[in-house]
Amino acid sequence: MAFESLGGNDMAAQREAINGILPFDPNELKDTVSGNIVNPYPRYEELRRESPVHVGAVDFGEGASDLNPDVPLPITVVGFDETVAVLRDNGLYSSCVYEIVTEAVMGRTILQMDEPEHREHRALVSPTFRSKVLARWEEELVRGIVDDLIDSFIDKGHVDLVQAITFNFPVQVIARILGLPQQDYPSFQRWAIELNSVAANWERGMAASAALRDYFAAVLDERRKNPADDLISELVHVELDGQRLDDEEIYSFLRLLLPAGVETTYRASGNLLFGLLTHPDQLNAVREDRSLIPQAFEESLRWEPPVAVVLRRAMESTELAGVPIEGGADVALMLGGANRDHRKYENPDEFNIFRKERQHVGFGFGVHVCMGMHLARMETRIALEAILDRLDDLKLDPAPGQDIRIEGLAFRSPVSLPVSFTAR
Ligand code: HEM
């Protein structure tokens, strides 16, 4: 895809329009954190030491859910090798499990497709998210967005990094790639997060889904008449087996990409900052040597994966780590459990950007591995570079009695990161 037609002036105008838009407070949507579980890791370890694979209901601190007697007992996996084995065998373990929730709110998406349908559909959008194609956004767009956000508080000496930066930059980046107008950012950021948290509030999620569909209908119409330099124009013209995608297929793609692009990176960059701010020696090391940023990000994704659970369904009866699994059983892969497997990592609970074992499943694994991982890595690196370039003496500065922490079960991140700093 070519974005070359977007010139520097457009970018500057876009950044100017973006500056100062703080659509809503992430605290308003606190229930989207999906449970205020603070530390699920001791429970994962306890379970893993019993067995990396469990049959039946598991209590993670919010009470075990009721079991449906008409379906096979659910499976919970908390080991690294076992998680990889499930994700690798995408014939035996199907993604169709997502039909229940995501199809209702997003429509049919690649997340729930199996091969070969999945491969064909993913190939339509994946070129846009290759690292080479993304390179041009680094300085042109991402750095500008983060610099503008920093400008809005640089004189204050104190800020909440979640409210001021991490909650705001990923939405602006994905919106530009899709080609959505800046004045709409506040609305679709809210819709994206409400849609993603449908499990916490069904009605609100469904309403957001309908709102996004109506919103995209107008954009599609416009792009058919006036194609522009963006992913939506590409999708209305692309062909699969000689056929154009129909509108519903495009809405589904967009309803997946928007929350995937908005919420995950916002949480991931918050977790990275939390890891560094609570380990000032490692923050200093990264400040001194920026080439450490990529490994710091990977370590934060291992230590605190923001997408903490992925699901599959066993298509026939099988066995995993010697544990029998009934055909048709839903399988929950606890990525946080896999990423802290004591059999794979030395001191797994320690945040250590210098650890040797860097492989993790924070972006999933196998054919459904995160399609936006290069974008997420690039955005987060640029954001951290801007923060380190412009804010010295950066440290956590909570109000008296304020507990700064990462929380959530399915999605995890800090709700707030108050810091003090001196401007450079
Ligand atoms: C650090 C931030 C991110 C994390 C931790 C993350 C995590 C994940 C995970 C774990 C999966 C696998 C789901 C499964 O196998 O069931 C996934 C899939 C996906 N991600 Fe991300 N993601 C991030 C950022 C993004 C961004 C920025 C985008 C795009 C704009 C994106 C788009 C997608 C898409 C489209 C899929 C589905 C791929 C498929 O089914 O083939 N993600 N992501």
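Name the residue that is farthest from Leu231 (Cα to Cα), counting only residues in region 245-293 that are hydroxyl-bearing (Ser, Thr, Tyr), more than 9 Å from the ligand (Cβ to nearest atom) and in contact (Cβ under 8 Å) with a residue 60 or more places away in the chain.
Of all residues in region 245-293, those hydroxyl-bearing (Ser, Thr, Tyr) come to 251-252, 264-266, 269, 278, 291.
Subsequent filtering for residues that are more than 9 Å from the ligand (Cβ to nearest atom) retains 251-252, 278, 291.
In the following step, the residues that additionally are in contact (Cβ under 8 Å) with a residue 60 or more places away in the chain were identified as 251-252, 278.
Working: Tyr251: 12, Ser252: 14, Thr278: 38 Å.
Among residues in region 245-293 that are hydroxyl-bearing (Ser, Thr, Tyr), more than 9 Å from the ligand (Cβ to nearest atom) and in contact (Cβ under 8 Å) with a residue 60 or more places away in the chain, the one farthest from Leu231 (Cα to Cα) is Thr278.
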Checklist entry - Can you name every residue in region 198-234 that is open to solvent by less than 60 Å² (accessible area, probe 1.4 Å) and of a type in the set (Phe, Trp, Tyr)? => result Tyr215, Phe216
Next on the checklist: Name the single residue that is nearest to the ligand (Cβ to nearest atom) among those in region 310-357 being basic (Lys, Arg) and outside any strand (DSSP E or B).
Outcome noted: Arg340
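Is it fair to say Val84 is part of a helix (DSSP H, G or I), farther than 19 Å from Glu249 by Cβ, within 10 Å of the ligand (Cβ to nearest atom) and not polar (S, T, N, Q)?
Numbers: part of a helix (DSSP H, G or I): yes; farther than 19 Å from Glu249 by Cβ: yes; within 10 Å of the ligand (Cβ to nearest atom): no; not polar (S, T, N, Q): yes.
So Val84 fails the test.
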Checklist entry - Inside region 146-181, can you point out the residues that are within 14 Å of the ligand (Cβ to nearest atom) and in a helix (DSSP H, G or I)? => result Thr166, Phe169, Pro170, Val171, Gln172, Val173, Ile174, Ala175, Arg176, Ile177, Leu178
Item to check | Qualifying residues in region 358-371 (those that are more than 6 Å from the ligand (Cβ to nearest atom), closer than 18 Å to Tyr345 by Cβ and not basic (Lys, Arg)) - the one most open to solvent (accessible area, probe 1.4 Å) | outcome: Gln359
Item to check | Residue that is farthest from the ligand (Cβ to nearest atom) [pool: residues in region 118-144 that are closer than 11 Å to Met371 by Cβ and β-branched (Val, Ile, Thr)] | outcome: Thr128
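The values are calculated or read from the model by the stated rules, or taken from the named source; none is laboratory data. Quick caveat, the model's predicted, so the values are computed rather than measured. Neighbour counts run over all protein chains shown; Cβ positions are idealised from the backbone, glycine included. These accessible areas exclude ligands, DNA and RNA; they are computed on the full protein's heavy atoms, side chains included. Shrake-Rupley method; radii C 1.70, N 1.55, O 1.52, S 1.80 Å.
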